[in-house]
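Just below is one structure, and these are the notes that go with it.
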Amino acid sequence: MFNVNNAPVSHAELERFTQLVASSVDRFGSDPAEYDMAIAVDDRGDALLLPCSPQTRAAMTAKLDQLLATPRRMAAMVSLMGWSPDASPTVAAWVVVAVGRGSLPALVCVRRLEQDDRWTLLNISDMPWLILSSAAGLRAALSGQPLRLKVARTKALFQRPDQVPNPPVDERGAL
């Protein structure tokens, strides 16, 4: 039987969802003291966003399970990271990594907290292992696997595959 939740996501759908998530981040505010990450899922043409702070991280697991219990076609992770568009020093920025069902590449956009008033779409091939790992985890969550939230502990995660060809792995051998 055909299930609409299993249909592949088009580029236009994923782009619209990414924009909805970015707009939601702008609405809930960009105070890193209040929120430092969020998970978003599609919901009948809209985006449901679950913001999280370091103080609420432990309580987020049950809420995440509820959010992902309904079959979803698209998911995104919003993280606070250091970023620079060039060789200048990195500054605090929101990064959105969005994925959809099917074989479409992830979409990534960024907005520096203080300097930018617009989001910039980035090329997935220029992303570090940390972003690629986030996209893979989100894609797995869309197919029913538990979403594992990890903390980046190695500098290799912040480098691109062309800089560190072998992905850094954890004690389980996972990226």
- request: Quick one: accessible surface of SER79, probe radius 1.4 Å, all protein chains present, in square angstrom to the nearest 10.
  value: 30 Å²
statement: Per GNM of the chain with C-alpha springs under 10 angstrom, the most fluctuating residue out of TRP94, TRP129, TRP83 is TRP83
- prompt: Along its principal axes, what span do the Cα atoms of region 82-175 show, with the longest given first and each in whole Å?
  reply: 37, 27, 22
- line: Quick P(r) readout (region 3-139; Cα-Cα; 5 Å bins; whole %) gives 2, 10, 21, 24, 21, 14, 6, 2, 0, 0
field: For a label point 7 Å along the Cα-to-beta-carbon line of GLU114, residues of region 18-60 with backbone N under 19 Å
entry: 29-36
message: Can you give me the C-alpha center-to-center distance between region 113-130 and region 58-102, rounded to a whole angstrom?
response: 12 Å
statement: For the pair ALA33 and ALA12, the simple spin-label estimate (label points 7 Å beyond Cα toward Cβ) gives in nm 4.4 nm
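The values are calculated or read from the model by the stated rules, or taken from the named source; none is laboratory data. For clarity, every value in this text was computed on a predicted model and none was experimentally measured. Counting neighbours? That spans all protein chains shown, and the Cβs are built from the backbone with ideal geometry, glycine included. Note: areas computed on protein heavy atoms with side chains; ligands, DNA, RNA excluded. Shrake-Rupley method; radii C 1.70, N 1.55, O 1.52, S 1.80 Å.
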